[in-house]
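Reviewing the structure listed below.
The values are calculated or read from the model by the stated rules, or taken from the named source; none is laboratory data. Everything numeric in this text was worked out from a predicted model, so none of it was measured. With ideal geometry, Cβ positions are generated from the backbone for all residues, glycine too; neighbour counts draw on all protein chains shown. Ligands, DNA and RNA are excluded from the accessible area calculation, which covers all protein heavy atoms including side chains. Shrake-Rupley method; radii C 1.70, N 1.55, O 1.52, S 1.80 Å.
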Amino acid sequence: MQRPPPEDFLLKETKPHLGGGKVSGDKLTSTYDLVEQMQYLYVRVVKAKDLPAKDVTGSCDPYAEVKLGNYKGTTRHFEKKTNPEWNQVFAFSKDRLQASVLEVTVKDKDVVKDDFIGRVWFDLNEVPKRVPPDSPLAPQWYRLEDRKGDKVKGELMLAVWMGTQADEAFPEAWHSDAATVGGSDALANIRSKVYLSPKLWYLRVNVIEAQDLQPTDKGRYPEVFVKAILGNQALRTRISHSRSINPMWNEDLMFVAAEQFEEPLILSVEDRVAPNKDEVLGRCAIPLQYVEKRLDHKPVNTRWFNLERHIVVEGEKKKDTKFSSRIHMRVCLEGGYHVLDESTHYSSDLRPTAKQLWKSGIGVLELGILNAHGLMPMKTKDGRGTTDAYCVAKYGQKWVRTRTIIDSFAPRWNEQYTWEVFDPCTVITIGVFDNCHLHGGDKAGGTKDSKIGKVRIRLSTLETDRVYTHSYPLLVLHPNGVKKMGEIHLAVRFTCSSLLNMMHMYSQPLLPKMHYIHPLTVSQLDSLRHQATQIVSMRLSRAEPPLRKEVVEYMLDVGSHMWSMRRSKANFFRIMGVLGGLIAVGKWFDQICNWRSPVTTILIHILFIILVMYPELILPTIFLYLFLIGIWYYRWRPRQPPHMDTRLSHADSAHPDELDEEFDTFPTSRPNDIVRMRYDRLRSIAGRIQTVVGDLATQGERLQSLLSWRDPRATSLFVLFCLVAAVVMYVTPFQVVALLTGIYVLRHPRFRHKLPSVPLNFFRRLPARTDCML
């Protein structure tokens with residue numbers, strides 16, 4: 001039995017003060033009821049008018065400065081404008097308020113020193129409170145005052161209120177805890193954001209044949225193949241066996257295409273004229289916007305596409321107008337498949353691409369990202385360790401990113417997000433990252449956001465309408481072993497809109513029906529998954545602010561298919577854990593046969609005799625037994641969501657060299673002697689697997705040899721035994737035979753021999769094909 005993981009690596013149930021104490025009975029009471037309320041002072045600086053000119057030129061370059069204690073935020077400035085419009089919001093955390101007065105100052109930007117124009121004061125004790133869904137507070141005009149408190153020329157339109165993170169102004173506001181971040185690009189990098197994955201389609205190109213090809217060398221049989229390119233994806237058919245100018249292939253090529261279908265499909269028919277030399281016989285480009293979309297397995301119409309070829313005339317490439325080759329193809333966008341960009345073991349979405357085929361939703365998933373604590377320093381700034389943490393959550397096509405909390409090992413986000421659920425057997429992934437693109441990080445080439453850890457939660461393991469509040473350990477595997485990077489505090493609730501629909505989903509296929517009617521091969525799925533993850537990561541990295549490639553690949557587990565000794569061991573012991581129940585039943589039956597507990601053996605005899613006399617009771621008895629076991633185990637049902645298990649993953653017992661091999665690049669970058677040692681180790685493991693597979697094949701071949709007459713004496717004995725058994729079975733009732741067989745198997749040890757039984761001896765003597773192998 002496995003030892004439990006260390007206490008530090010376990011899930012911890014918590015009791016946070018959610019929704020300001022408004023959550024009761026796990027029912028929805030407000031839009032932000034799964035997070036702790038955070039109070040903010042909001043200042044919306046809208047515009048100013050009639051500002052006086054301060055420069056010698058008679059112009060004014062105004063900007064507003066919002067100051068509260070040590071925190072100071074500024075709007076952008078306008079050149080030569082006396083009626084500027086800013087419409088910017090500033091948010092000051094109530095926990096960090098160090099003053100009782102808010103000061104909003106309007107200044108004129110100058111080269112040497114900015115000139116003071118006027119200011120407005122607010123007493124924080126008189127600021128109104130606003131709680132959504134109240135309407136936004138209407139801004140008002142305030143007359144500017146000088147430093148002595150006298151009215152001066154110019155007015156400023158403002159709105160000041162106390163609110164929470166549920167306020168509509170929160171996501172786009174300037175935050176006081178990010179006051180050290182300068183520049184609009186850096187500020188955009190720390191804001192919360194919702195992203196959508198691009199809509200992905202499988203593109204099927206069925207290359208049938210080509211006609212009237214014109215190879216350069218007319219005296220040889222052409223070796224023709226078709227090469228297809230879509231973006232960064234390139235595939236080719238086999239060389240046609242027809243070896244003529246009218247070759248045939250009838251071969252499918254599969255690609256991943258993303259809307260808006262910016263890139264065309266480019267096909268070229270090429271002739272292999274030499275081992276490393278191909279000659280292009282014709283090309284064509286097919287815009288995907290005009291390709292037919294297929295929703296089911298009905299075949300689409302074939303089409304002939306004209307091939308173009310360019311010839312060199314007087315040093316310039318020109319289109320050959322006399323050229324008349326063409327290619328016959330069936331091209332379609334497959335809407336009936338689900339484009340896999342995640343591992344099927346923890347997919348967050350299983351719907352087909354075409355929206356017309358979607359079924360109605362079965363519920364809503366709500367996630368409250370509360371806080372993290374105990375985070376490790378991820379980088380060094382000014383000689384000390386620091387972490388600028390943010391979270392990313394992915395479910396279905398929707399990705400969310402929280403705001404970045406600057407320089408904190410215990411960041412508090414308290415942000416809540418919602419997803420529509422279409423299948424309960426899906427997984428939400430939450431990752432924590434360190435933002436390395438602040439303070440000019442973008443200018444340093446190769447800077448990547450560091451991973452702090454991630455959590456996966458399977459929705460089918462959650463009870464409906466219950467709020468789960470737990471602190472999850474953030475565990476990351478490093479070359480020197482598994483390391484706890486901190487803990488993240490989450491609140492999760494899965495609300496079911498239709499229990500009947502959800503129960504019905506358990507009878508449906510996991511993937512859309514096209515995956516079963518026209519299944520893709522394993523190699524195709526691996527290649528297409530790789531292309532899909534590349535497209536998703538590229539598209540999201542082009543968003544503003546970007547969700548970077550390393551973040552997307554970590555969330556999608558891009559490298560999980562690579563060889564790992566640790567993962568192989570873990571999977572082997574998982575199989576042993578599954579077989580452990582069967583092994584335990586076998587040991588128990590062996591104890592019954594050997595009369596270790598006479599009372600139990602006698603009871604088994606009685607039960608066996610009853611089932612033989614009344615065989616119609618066998619199936620009801622089995623199902624009743626399973627029902628009672630299920631009811632008995634209900635008392636010990638898991639009350640917590642599953643989490644990363646270091647023992648199950650064998651992460652805490654892996655050898656350093658095995659971890660170094662797991663983190664090696666592909667192809668390897670290690671020295672030759674290390675690679676040789678690992679190769680020899682892999683050969684020894686493969687040798688053992690080879691032996692086990694050979695033993696299984698031997699047992700199967702012995703079964704086949706019972707009737708193959710490979711050993712004529714053994715086959716004649718078996719055939720004779722079958723004849724006698726058939727005659728005995730015809731004249732003897734089946735219940736008598738079953739009763740005698742059972743009593744013989746359960747006989748007392750006094751009537752047993754320690755030697756193997758006669759049937760086993762006979763089976764082991766049967767010939768296999770091992771003596772025919774080299």
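Below is a table of values for the structure above.
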read-out: Paramagnetic reach from Asn480 (point 7 Å along Cα→Cβ, amide N under 14 Å) across region 371-401; value: 377
read-out: Length-normalised contact order of region 479-619 in % [C-alpha pairs under 8 Å, at least 6 apart]; value: 8 percent
read-out: Hz values of 3J(HN,Hα) by residue in region 481-494 - Karplus curve (6.51, -1.76, 1.60), Gly and Pro given as x; value: x, 7, 9, 8, 9, x, 9, 10, 9, 10, 10, 10, 9, 10
read-out: Rel. contact order, % - alpha carbon contacts under 8 angstrom, at least six apart, region 613-771; value: 27 percent
read-out: Point-to-point label distance, Val127-His655, nm (Cα→Cβ direction, 7 Å offset); value: 6.2 nm
read-out: Directionally averaged projected area (convex hull, Cα atoms, region 407-534), nm²; value: 12.2 nm²
read-out: Spatially proximal lysines relative to Lys454 (Cα-Cα < 26 Å; intrachain offsets below 8 disregarded); value: Lys12, Lys15, Lys193, Lys199, Lys379, Lys381, Lys394, Lys398, Lys483, Lys484, Lys549, Lys569
read-out: Between region 100-131 and region 337-409, the alpha-carbon center distance in angstrom; value: 38 Å
read-out: Percent of alpha-carbon pairs separated by more than 18 Å within region 37-152; value: 54 percent
read-out: Largest to smallest accessible area among Trp413, Trp632 [probe 1.4 Å]; value: Trp632, Trp413
read-out: Region 682-738 - Rg over Rh from alpha carbon coordinates, Kirkwood radius; value: 1.29
read-out: Lysines whose Cα lies under 19 Å from that of Lys67, excluding same-chain neighbours fewer than 8 positions away; value: Lys47, Lys94, Lys107, Lys109, Lys113, Lys148
read-out: Per residue accessible area in Å² of the chain, where ligands, DNA and RNA are left out and the probe is 1.4 Å; value: 57 Å²
read-out: Per-pair calculated FRET efficiency, R0 = 30 Å: Ala99 and His17 via Cβ, rounded to 0.05; value: 0.65
read-out: Computed over region 632-753, Kirkwood Rh from alpha-carbon pairs, angstrom; value: 22.0 Å
read-out: FRET efficiency, Lys587 to Asn232 (Cβ-Cβ, R0 60 Å, nearest 0.05); value: 0.60
read-out: Linear extension gain, Thr82 paired with Tyr730, 0.36 nm per residue minus alpha-carbon span; value: 222.3 nm
read-out: Relative contact order for the chain, counting Cα pairs under 8 Å that sit 6 or more residues apart, in percent; value: 10 percent
read-out: Convex hull volume per residue for region 107-225, taking Cα atoms only, in Å³; value: 349 Å³
read-out: Sulfur and carbon atoms: percent of accessible area, the chain [1.4 Å]; value: 57 percent
read-out: Cα-projected label distance for Thr302 with Ile631, points at 7 Å along beta-carbon direction, nm; value: 6.4 nm
read-out: For q = 0.19, 0.24, 0.25 Å⁻¹, Debye-computed log10 I/I(0) when each Cα of region 577-673 counts as one equal scatterer; value: -1.15, -1.31, -1.32
read-out: Against the rule of thumb 2.2 N^0.38 Å, how large the Cα Rg of region 711-774 comes out; value: 1.50
read-out: Prolate/oblate/rounded label for region 561-633 (Cα gyration tensor, a/c 1.5); value: prolate
read-out: ³J(HN,Hα), Karplus 6.51/-1.76/1.60, whole Hz, each residue of region 734-746, x for Gly, Pro; value: 4, 4, 5, 4, 4, 5, 5, 5, x, 5, 5, 5, 8
read-out: Label-to-label distance, nm, for residues given as Thr344 and Ile604 (7 Å Cα→Cβ offset); value: 3.9 nm
read-out: Solvent-accessible surface (1.4 angstrom probe) belonging to Tyr506, in square angstrom, nearest 10; value: 130 Å²
read-out: Heavy-atom accessible area ranking, 1.4 Å probe, most first, across Lys113, Lys54; value: Lys113, Lys54
read-out: Once the Cα gyration tensor of region 354-463 is diagonalised, semi-axes √(5λ) in Å; value: 33, 16, 11
read-out: Kirkwood-Stokes translational diffusion coefficient of the chain, alpha-carbon pairs, 25 °C, 0.890 mPa s, µm²/s; value: 73 µm²/s
read-out: Phe762 - accessible surface, heavy atoms, 1.4 Å probe, Å² rounded to 10; value: 60 Å²
read-out: Cut-off 20 Å (backbone N to label point 7 Å along Cα→Cβ of Asn501), residues of region 392-425; value: 395-398, 418-425
read-out: Sequence-distant residues sharing a close amide H with Val339 (under 5 Å, placed H); value: Thr353
read-out: Contour excess over end-to-end distance, with Cα ends at Thr691 and Ser360 and 0.36 nm allotted per residue; value: 114.1 nm
read-out: FRET E, pair Leu510, Asp150, Förster distance 60 Å, beta-carbon r, rounded to 0.05; value: 0.20
read-out: From phi via Karplus (6.51, -1.76, 1.60), per-residue ³J(HN,Hα) for region 500-512 in Hz, x at Gly/Pro; value: 5, 4, 5, 5, 5, 4, 5, 9, 8, x, 5, 9, x
read-out: Computed lengthening from Leu717 to Thr521, 0.36 nm per intervening residue step minus Cα-Cα distance; value: 66.1 nm
read-out: For Glu308, distant residues with modelled amide H under 5 Å away; value: Arg283, Cys284
read-out: Between 0 and 90°, nearest 10: helix 522-541 axis offset from the chain longest Cα axis; value: 10 degrees
